[in-house]
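What follows is a short report on a single structure.
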Amino acid sequence: MKVAVFATKGYDRESFVQVNGRFGHELSFYEPKLTPATAVLAAGYEAVCVFVNDQVNRETITQLAAGGTRIIATRSAGYNQIDLQAAEEMGISVVRVPAYSPNAISEFTVGLILTLGRQIHRAYNRVRDNNFELDGLQGFEIHGKTIGVFGTGRIGTAVLRNLSGFGANLLAYDLYRNPEAEKLARYIGDPVELARQCDIITLHLPLTPQTHHLISARTIPLLKDGVFIINTSRGALLDTAAVIEGLKSGKIGYLAIDVYEVEGDLFFQDLSNEVVTDDVFSRLLTFPNVLVTGHQAFLTDRALRNIAETTLQNLTDLTETGHCENLVLFQYVTG
Ligand code: NAI
(Lines give C-alpha, C1' and ligand atoms only; values in the text may rest on other atoms or scores of the structure.)
Protein backbone atom coordinates (compact mmCIF):
# COMPACT_ATOMS: atom_id res chain seq x y z
CA MET A 1 0.00 0.00 0.00
CA LYS A 2 1.21 3.53 -0.78
CA VAL A 3 1.49 5.44 2.49
CA ALA A 4 2.34 9.14 2.94
CA VAL A 5 3.90 9.48 6.39
CA PHE A 6 3.60 13.04 7.72
CA ALA A 7 5.41 14.96 10.48
CA THR A 8 8.32 12.54 10.40
CA LYS A 9 11.56 12.90 12.29
CA GLY A 10 14.75 10.88 11.84
CA TYR A 11 13.69 8.43 14.56
CA ASP A 12 10.33 7.80 12.83
CA ARG A 13 11.98 7.12 9.48
CA GLU A 14 14.52 4.80 11.06
CA SER A 15 11.96 2.66 12.91
CA PHE A 16 9.45 2.56 10.03
CA VAL A 17 12.05 1.65 7.40
CA GLN A 18 13.50 -1.06 9.62
CA VAL A 19 10.14 -2.63 10.48
CA ASN A 20 8.69 -2.21 6.97
CA GLY A 21 11.13 -4.83 5.68
CA ARG A 22 8.57 -7.36 6.93
CA PHE A 23 5.52 -5.58 5.48
CA GLY A 24 6.62 -4.15 2.14
CA HIS A 25 4.46 -1.03 2.11
CA GLU A 26 5.51 1.82 -0.16
CA LEU A 27 6.37 4.58 2.34
CA SER A 28 6.98 8.25 1.48
CA PHE A 29 8.20 10.34 4.40
CA TYR A 30 7.28 14.01 4.70
CA GLU A 31 8.73 16.32 7.34
CA PRO A 32 5.82 18.81 7.39
CA LYS A 33 2.73 18.16 9.43
CA LEU A 34 -0.43 17.16 7.60
CA THR A 35 -2.48 20.36 7.26
CA PRO A 36 -4.94 21.69 4.67
CA ALA A 37 -1.89 23.19 2.91
CA THR A 38 0.18 19.99 2.81
CA ALA A 39 -2.66 17.51 2.17
CA VAL A 40 -1.92 17.78 -1.54
CA LEU A 41 1.25 15.75 -0.91
CA ALA A 42 -0.99 12.76 -0.16
CA ALA A 43 -2.75 12.79 -3.54
CA GLY A 44 -2.63 9.27 -4.95
CA TYR A 45 -1.76 7.68 -1.60
CA GLU A 46 -4.27 5.18 -0.27
CA ALA A 47 -3.19 5.85 3.33
CA VAL A 48 -1.72 8.70 5.35
CA CYS A 49 0.13 8.21 8.60
CA VAL A 50 -0.10 11.11 11.06
CA PHE A 51 0.98 12.09 14.57
CA VAL A 52 -0.50 14.01 17.49
CA ASN A 53 -0.22 17.57 16.18
CA ASP A 54 -1.19 17.07 12.55
CA GLN A 55 -4.28 19.08 11.60
CA VAL A 56 -6.59 16.32 10.49
CA ASN A 57 -9.61 18.58 10.34
CA ARG A 58 -12.53 18.69 7.92
CA GLU A 59 -10.63 20.79 5.37
CA THR A 60 -7.68 18.41 5.36
CA ILE A 61 -9.90 15.32 5.19
CA THR A 62 -11.87 16.77 2.28
CA GLN A 63 -8.62 17.14 0.36
CA LEU A 64 -7.43 13.66 1.34
CA ALA A 65 -10.68 12.13 0.11
CA ALA A 66 -10.43 14.03 -3.17
CA GLY A 67 -6.89 12.69 -3.63
CA GLY A 68 -8.00 9.07 -3.14
CA THR A 69 -6.91 8.50 0.47
CA ARG A 70 -8.98 5.84 2.21
CA ILE A 71 -7.18 5.32 5.50
CA ILE A 72 -5.84 7.64 8.20
CA ALA A 73 -3.41 5.76 10.44
CA THR A 74 -2.38 7.75 13.48
CA ARG A 75 0.81 6.51 15.09
CA SER A 76 -0.50 7.55 18.50
CA ALA A 77 -2.94 6.23 21.07
CA GLY A 78 -4.97 9.46 21.21
CA TYR A 79 -6.95 10.48 18.11
CA ASN A 80 -8.45 13.77 19.26
CA GLN A 81 -6.60 15.55 16.42
CA ILE A 82 -8.79 13.78 13.83
CA ASP A 83 -12.28 14.98 12.86
CA LEU A 84 -13.95 11.57 12.98
CA GLN A 85 -17.28 12.86 11.74
CA ALA A 86 -15.68 14.32 8.63
CA ALA A 87 -13.76 11.07 8.08
CA GLU A 88 -16.97 9.07 8.36
CA GLU A 89 -18.81 11.32 5.94
CA MET A 90 -15.98 10.99 3.41
CA GLY A 91 -15.61 7.22 3.68
CA ILE A 92 -12.19 7.23 5.33
CA SER A 93 -11.21 4.63 7.93
CA VAL A 94 -9.19 5.63 10.98
CA VAL A 95 -6.80 3.31 12.81
CA ARG A 96 -4.51 3.97 15.74
CA VAL A 97 -1.90 2.38 18.01
CA PRO A 98 -3.78 1.89 21.28
CA ALA A 99 -0.82 0.72 23.33
CA TYR A 100 2.75 0.82 22.12
CA SER A 101 4.44 0.96 25.48
CA PRO A 102 2.47 2.22 28.48
CA ASN A 103 5.67 1.84 30.49
CA ALA A 104 7.41 4.46 28.35
CA ILE A 105 4.93 7.08 29.55
CA SER A 106 4.56 5.77 33.10
CA GLU A 107 8.31 5.67 33.73
CA PHE A 108 8.61 9.20 32.32
CA THR A 109 5.80 10.32 34.64
CA VAL A 110 7.65 8.95 37.66
CA GLY A 111 10.78 10.63 36.30
CA LEU A 112 9.00 14.00 36.22
CA ILE A 113 7.89 13.59 39.84
CA LEU A 114 11.43 12.74 40.95
CA THR A 115 13.11 15.39 38.81
CA LEU A 116 10.94 18.29 39.91
CA GLY A 117 10.37 16.98 43.42
CA ARG A 118 14.12 16.69 44.05
CA GLN A 119 15.24 19.61 41.79
CA ILE A 120 17.50 17.30 39.77
CA HIS A 121 17.17 19.46 36.63
CA ARG A 122 18.36 22.55 38.50
CA ALA A 123 21.17 20.62 40.20
CA TYR A 124 22.39 19.44 36.78
CA ASN A 125 22.68 23.02 35.53
CA ARG A 126 24.32 24.31 38.72
CA VAL A 127 26.99 21.62 38.83
CA ARG A 128 27.90 22.18 35.18
CA ASP A 129 28.53 25.80 36.18
CA ASN A 130 30.74 24.67 39.09
CA ASN A 131 28.05 25.93 41.46
CA PHE A 132 27.76 23.39 44.26
CA GLU A 133 25.50 25.54 46.46
CA LEU A 134 22.52 23.51 47.76
CA ASP A 135 20.29 26.42 48.77
CA GLY A 136 17.04 26.22 46.80
CA LEU A 137 17.43 22.53 45.96
CA GLN A 138 15.43 21.19 48.88
CA GLY A 139 12.99 18.52 47.80
CA PHE A 140 10.36 16.23 49.24
CA GLU A 141 10.03 12.46 49.56
CA ILE A 142 7.36 10.50 47.74
CA HIS A 143 7.20 8.12 50.70
CA GLY A 144 4.11 8.89 52.77
CA LYS A 145 2.55 11.21 50.18
CA THR A 146 -0.98 10.74 48.87
CA ILE A 147 -0.93 10.34 45.10
CA GLY A 148 -4.09 10.42 42.98
CA VAL A 149 -4.00 8.72 39.59
CA PHE A 150 -6.81 10.03 37.38
CA GLY A 151 -7.46 7.44 34.69
CA THR A 152 -6.51 3.83 35.33
CA GLY A 153 -6.29 2.58 31.77
CA ARG A 154 -3.05 1.23 30.34
CA ILE A 155 -0.80 4.12 31.37
CA GLY A 156 -2.45 5.05 34.68
CA THR A 157 -2.24 1.43 35.84
CA ALA A 158 1.42 1.24 34.79
CA VAL A 159 2.03 4.42 36.84
CA LEU A 160 0.43 2.76 39.86
CA ARG A 161 2.63 -0.29 39.30
CA ASN A 162 5.75 1.85 39.02
CA LEU A 163 4.84 3.94 42.06
CA SER A 164 3.94 1.00 44.24
CA GLY A 165 7.46 0.64 45.65
CA PHE A 166 7.67 4.17 47.03
CA GLY A 167 5.52 3.72 50.12
CA ALA A 168 2.99 6.33 49.02
CA ASN A 169 -0.75 6.23 49.66
CA LEU A 170 -2.10 5.46 46.17
CA LEU A 171 -5.63 6.56 45.25
CA ALA A 172 -7.37 6.29 41.90
CA TYR A 173 -10.33 7.53 39.91
CA ASP A 174 -11.83 6.23 36.68
CA LEU A 175 -15.25 5.72 35.17
CA TYR A 176 -14.49 1.98 35.26
CA ARG A 177 -12.53 0.01 37.84
CA ASN A 178 -9.50 -1.82 36.54
CA PRO A 179 -8.89 -5.07 38.49
CA GLU A 180 -5.10 -4.65 38.38
CA ALA A 181 -5.31 -1.03 39.56
CA GLU A 182 -7.70 -2.09 42.30
CA LYS A 183 -4.93 -4.24 43.80
CA LEU A 184 -2.50 -1.31 43.81
CA ALA A 185 -4.66 1.65 44.81
CA ARG A 186 -7.89 2.56 46.56
CA TYR A 187 -10.54 3.88 44.17
CA ILE A 188 -12.41 6.98 45.27
CA GLY A 189 -15.76 7.31 43.50
CA ASP A 190 -15.97 11.09 43.67
CA PRO A 191 -13.19 12.86 41.71
CA VAL A 192 -13.54 16.03 43.77
CA GLU A 193 -13.15 14.12 47.02
CA LEU A 194 -10.08 12.38 45.59
CA ALA A 195 -8.57 15.65 44.40
CA ARG A 196 -9.07 17.19 47.85
CA GLN A 197 -6.91 14.46 49.46
CA CYS A 198 -3.96 14.41 47.07
CA ASP A 199 -0.48 15.85 47.52
CA ILE A 200 0.28 14.72 43.96
CA ILE A 201 -2.20 14.41 41.09
CA THR A 202 -1.22 12.69 37.86
CA LEU A 203 -3.54 12.70 34.84
CA HIS A 204 -3.86 9.70 32.52
CA LEU A 205 -7.15 10.45 30.79
CA PRO A 206 -7.96 10.90 27.12
CA LEU A 207 -8.99 14.36 25.97
CA THR A 208 -12.77 14.37 25.59
CA PRO A 209 -15.47 17.03 26.11
CA GLN A 210 -15.82 15.63 29.67
CA THR A 211 -12.10 15.88 30.51
CA HIS A 212 -11.38 19.17 28.69
CA HIS A 213 -10.08 21.72 31.26
CA LEU A 214 -10.51 19.29 34.13
CA ILE A 215 -8.03 21.44 36.03
CA SER A 216 -9.58 24.90 35.82
CA ALA A 217 -10.38 28.03 37.80
CA ARG A 218 -13.40 26.12 39.12
CA THR A 219 -11.52 23.01 40.29
CA ILE A 220 -8.15 24.44 41.39
CA PRO A 221 -9.57 25.96 44.62
CA LEU A 222 -10.74 22.45 45.60
CA LEU A 223 -7.18 21.07 45.54
CA LYS A 224 -4.84 20.72 48.49
CA ASP A 225 -2.57 23.73 49.06
CA GLY A 226 0.78 23.24 47.32
CA VAL A 227 -0.47 20.34 45.20
CA PHE A 228 1.87 18.79 42.60
CA ILE A 229 0.17 18.31 39.21
CA ILE A 230 1.59 16.14 36.45
CA ASN A 231 0.12 15.96 32.97
CA THR A 232 1.58 13.57 30.41
CA SER A 233 -1.78 12.99 28.67
CA ARG A 234 -3.14 15.84 26.58
CA GLY A 235 -2.50 19.54 27.16
CA ALA A 236 -6.11 20.66 27.20
CA LEU A 237 -6.85 18.63 30.34
CA LEU A 238 -5.45 21.77 31.98
CA ASP A 239 -6.73 25.31 31.55
CA THR A 240 -3.22 26.74 31.37
CA ALA A 241 -4.23 30.32 32.18
CA ALA A 242 -5.98 29.12 35.36
CA VAL A 243 -2.99 26.95 36.26
CA ILE A 244 -0.71 29.99 35.98
CA GLU A 245 -2.94 31.83 38.45
CA GLY A 246 -2.77 28.76 40.72
CA LEU A 247 1.03 28.80 40.52
CA LYS A 248 1.16 32.53 41.25
CA SER A 249 -1.00 32.16 44.35
CA GLY A 250 0.96 29.11 45.57
CA LYS A 251 -2.14 26.91 45.46
CA ILE A 252 -0.26 24.78 42.94
CA GLY A 253 3.17 23.99 44.39
CA TYR A 254 4.63 22.06 41.45
CA LEU A 255 3.68 21.53 37.84
CA ALA A 256 5.28 19.02 35.48
CA ILE A 257 3.87 18.76 31.97
CA ASP A 258 4.88 16.88 28.85
CA VAL A 259 1.94 18.27 26.87
CA TYR A 260 0.54 21.76 26.38
CA GLU A 261 -2.90 22.74 25.13
CA VAL A 262 -1.62 24.66 22.10
CA GLU A 263 1.60 22.73 21.60
CA GLY A 264 1.05 22.31 17.86
CA ASP A 265 3.00 25.45 16.92
CA LEU A 266 5.81 24.77 19.39
CA PHE A 267 6.67 21.15 20.01
CA PHE A 268 8.69 18.77 17.84
CA GLN A 269 10.78 21.57 16.29
CA ASP A 270 13.85 23.66 17.08
CA LEU A 271 12.70 27.22 17.83
CA SER A 272 15.89 28.24 19.63
CA ASN A 273 16.51 31.04 17.12
CA GLU A 274 12.90 32.23 16.99
CA VAL A 275 10.80 34.56 19.09
CA VAL A 276 8.11 32.52 20.80
CA THR A 277 4.92 34.57 20.68
CA ASP A 278 2.82 32.40 22.98
CA ASP A 279 2.89 34.50 26.16
CA VAL A 280 1.02 31.91 28.22
CA PHE A 281 3.61 29.25 27.43
CA SER A 282 6.48 31.69 28.00
CA ARG A 283 5.04 32.63 31.40
CA LEU A 284 4.99 28.96 32.39
CA LEU A 285 8.71 28.69 31.73
CA THR A 286 9.48 31.49 34.19
CA PHE A 287 8.35 29.54 37.26
CA PRO A 288 11.08 27.73 39.23
CA ASN A 289 8.55 25.06 40.24
CA VAL A 290 7.46 24.21 36.69
CA LEU A 291 9.06 21.55 34.51
CA VAL A 292 8.06 21.36 30.85
CA THR A 293 9.11 18.71 28.35
CA GLY A 294 8.09 18.70 24.68
CA HIS A 295 5.82 15.64 24.38
CA GLN A 296 8.63 13.13 24.72
CA ALA A 297 7.15 10.68 27.21
CA PHE A 298 6.56 8.15 24.41
CA LEU A 299 10.07 8.39 22.99
CA THR A 300 11.81 5.11 23.75
CA ASP A 301 13.37 2.54 21.42
CA ARG A 302 10.71 -0.03 22.30
CA ALA A 303 7.82 2.38 21.82
CA LEU A 304 9.10 3.50 18.39
CA ARG A 305 9.47 -0.08 17.24
CA ASN A 306 5.99 -0.99 18.52
CA ILE A 307 4.44 2.12 16.93
CA ALA A 308 5.91 1.20 13.53
CA GLU A 309 4.93 -2.47 13.85
CA THR A 310 1.34 -1.79 14.88
CA THR A 311 0.80 0.97 12.30
CA LEU A 312 2.12 -1.14 9.43
CA GLN A 313 0.20 -4.21 10.67
CA ASN A 314 -2.99 -2.09 10.83
CA LEU A 315 -2.55 -1.18 7.16
CA THR A 316 -1.78 -4.76 6.13
CA ASP A 317 -4.79 -6.08 8.06
CA LEU A 318 -7.14 -3.59 6.44
CA THR A 319 -5.83 -4.37 2.96
CA GLU A 320 -5.77 -8.13 3.32
CA THR A 321 -8.84 -8.80 5.45
CA GLY A 322 -10.85 -5.59 5.46
CA HIS A 323 -10.66 -5.69 9.26
CA CYS A 324 -8.30 -4.38 11.90
CA GLU A 325 -8.46 -4.65 15.68
CA ASN A 326 -7.22 -1.07 16.12
CA LEU A 327 -10.00 0.66 14.22
CA VAL A 328 -11.32 3.93 15.55
CA LEU A 329 -13.63 4.28 12.58
CA PHE A 330 -14.32 1.69 9.90
CA GLN A 331 -15.19 2.74 6.36
CA TYR A 332 -12.74 0.75 4.33
CA VAL A 333 -14.00 -1.53 1.60
CA THR A 334 -11.50 -3.91 0.01
CA GLY A 335 -11.31 -4.62 -3.68
P1 NAI B 1 -6.56 4.23 28.08
O2 NAI B 1 -7.68 4.36 27.10
O3 NAI B 1 -5.91 2.90 28.28
O4 NAI B 1 -7.04 4.77 29.51
C5 NAI B 1 -7.80 5.92 29.68
C6 NAI B 1 -8.66 5.73 30.92
O7 NAI B 1 -9.37 6.95 31.12
C8 NAI B 1 -9.70 4.60 30.78
O9 NAI B 1 -9.59 3.70 31.86
C10 NAI B 1 -11.05 5.34 30.79
O11 NAI B 1 -12.06 4.61 31.44
C12 NAI B 1 -10.69 6.61 31.56
N13 NAI B 1 -11.59 7.71 31.28
C14 NAI B 1 -11.96 8.20 30.09
N15 NAI B 1 -12.78 9.26 30.24
C16 NAI B 1 -12.91 9.44 31.58
C17 NAI B 1 -13.65 10.36 32.37
N18 NAI B 1 -14.38 11.33 31.82
N19 NAI B 1 -13.56 10.26 33.72
C20 NAI B 1 -12.81 9.27 34.30
N21 NAI B 1 -12.11 8.36 33.59
C22 NAI B 1 -12.17 8.45 32.25
O23 NAI B 1 -5.50 5.35 27.63
P24 NAI B 1 -3.93 5.36 27.93
O25 NAI B 1 -3.23 4.59 26.87
O26 NAI B 1 -3.70 5.02 29.35
O27 NAI B 1 -3.59 6.91 27.65
C28 NAI B 1 -3.89 7.93 28.59
C29 NAI B 1 -3.51 9.28 27.99
O30 NAI B 1 -2.10 9.34 27.71
C31 NAI B 1 -4.20 9.63 26.65
O32 NAI B 1 -4.61 10.97 26.72
C33 NAI B 1 -3.11 9.54 25.62
O34 NAI B 1 -3.36 10.36 24.54
C35 NAI B 1 -1.91 10.00 26.46
N36 NAI B 1 -0.62 9.62 25.91
C37 NAI B 1 0.44 10.50 26.00
C38 NAI B 1 1.69 10.19 25.50
C39 NAI B 1 2.87 11.11 25.61
O40 NAI B 1 3.89 10.89 24.91
N41 NAI B 1 2.85 12.13 26.44
C42 NAI B 1 1.89 8.92 24.79
C43 NAI B 1 0.75 8.01 24.81
C44 NAI B 1 -0.47 8.37 25.33
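For R58 and V280, a Förster radius of 25 Å and the Cβ-Cβ distance give a FRET efficiency of 0.40, rounded to the nearest 0.05. By the helix-only formula, in which each DSSP H run with n ≥ 4 contributes -39500 (n - 2.57) and the sum is divided by residues, the chain has a 222 nm mean residue ellipticity of -10000 deg cm²/dmol. Stokes-Einstein, applied to the Kirkwood radius of the range 1-75 over Cα pairs at a viscosity of 0.890 mPa s and 25 °C, places its translational diffusion at 202 µm² s⁻¹. If only the Cβ of Lys and Arg carry +1 and only the Cβ of Asp and Glu carry -1, the dipole of the chain around its Cα centre is close to 680 debye. Put a plus charge on the Cβ of each Lys and Arg, a minus charge on the Cβ of each Asp and Glu, and nothing anywhere else: the dipole of the range 102-292 about its Cα centre is then about 620 debye. Computed from phi, the 3J(HN,Hα) profile of the range 184-201 under the Karplus parametrisation 6.51, -1.76, 1.60 (θ = phi - 60°) reads 9, 9, 9, 6, 10, x, 9, x, 5, 4, 4, 4, 4, 8, 8, 7, 10, 10 Hz, with x in place of Gly and Pro.
Look at the dipole of the chain built from charges on Cβ: of A99, N314, S76, the Cα furthest out on the positive end belongs to A99.
Considering only H212, F16, Y176, and ranking their Cα positions along the charge dipole of the chain that arises from unit charges at the beta-carbon of Lys, Arg, Asp and Glu, the one farthest toward the positive end is Y176.
The label point for N289 and the one for E26, both projected 7 Å from the Cα toward the Cβ, are 5.8 nm apart. Working note: Cα gyration tensor of the chain, eigenvalues times five, square-rooted, sorted largest first, giving semi-axes of 37, 22, 19 Å.
Residues whose amide H comes within less than 5 Å of that of L329, counting only those at least five positions distant or on another chain, are V94 (H built at 1.01 Å from N in the peptide plane). Taking amide H atoms as placed 1.01 Å from N in the peptide plane, the amide H of K224 lies under 5 Å from those of C198, each 5 or more residues away in sequence or on another chain.
Under a straight-distance cross-link criterion of Cα-Cα below 24 Å, which lysines are reachable from K145, leaving out those fewer than 8 residues away in the same chain? Result set, ordered by chain and number: K183, K224, K248, K251.
The string of couplings for the range 20-30 from the Karplus curve (6.51, -1.76, 1.60, θ = phi - 60°) is 5, x, 7, 10, x, 6, 9, 9, 10, 9, 10 Hz, one whole number per residue in order, with x for Gly and Pro.
Within the accessible surface of the chain, defined with a 1.4 Å probe on protein heavy atoms only, the carbon and sulfur portion equals 50 percent.
Here the scattering of the range 102-292 is modelled by Debye summation over its C-alpha atoms, one equal scatterer each and no solvent; at q = 0.15 Å⁻¹ the log10 of I(q)/I(0) is -0.91.
Among the GluC sites (Glu not before Pro) in the range 252-335, those located in a DSSP loop and surrounded by at most 16 other Cβ atoms within 10 Å of their own Cβ are E274, E325.
The 3J(HN,Hα) values that the Karplus relation (6.51, -1.76, 1.60; θ = phi - 60°) gives for the range 204-219 are, in residue order, 9, 10, x, 8, 9, x, 6, 9, 4, 6, 4, 9, 9, 4, 7, 8 Hz. Gly and Pro appear as x. Could you give the distance between the Cα centres of the range 27-76 and the range 95-155, to the whole Å? With the range 27-76 and the range 95-155 each reduced to a Cα centre, they are spaced 35 Å. Modelled this way, with points 7 Å down the Cα-to-C-beta line, the labels at K9 and E141 are 3.6 nm from one another.
The values are calculated or read from the model by the stated rules, or taken from the named source; none is laboratory data. These numbers come from a predicted model, not from an experiment. FYI the Cβ positions are ideal-geometry reconstructions off the backbone, even for glycines, and counts take in every protein chain you see. Just so you know, the surface numbers come from the protein's heavy atoms only, side chains and all, with ligands and any DNA or RNA stripped out. Shrake-Rupley method; radii C 1.70, N 1.55, O 1.52, S 1.80 Å.
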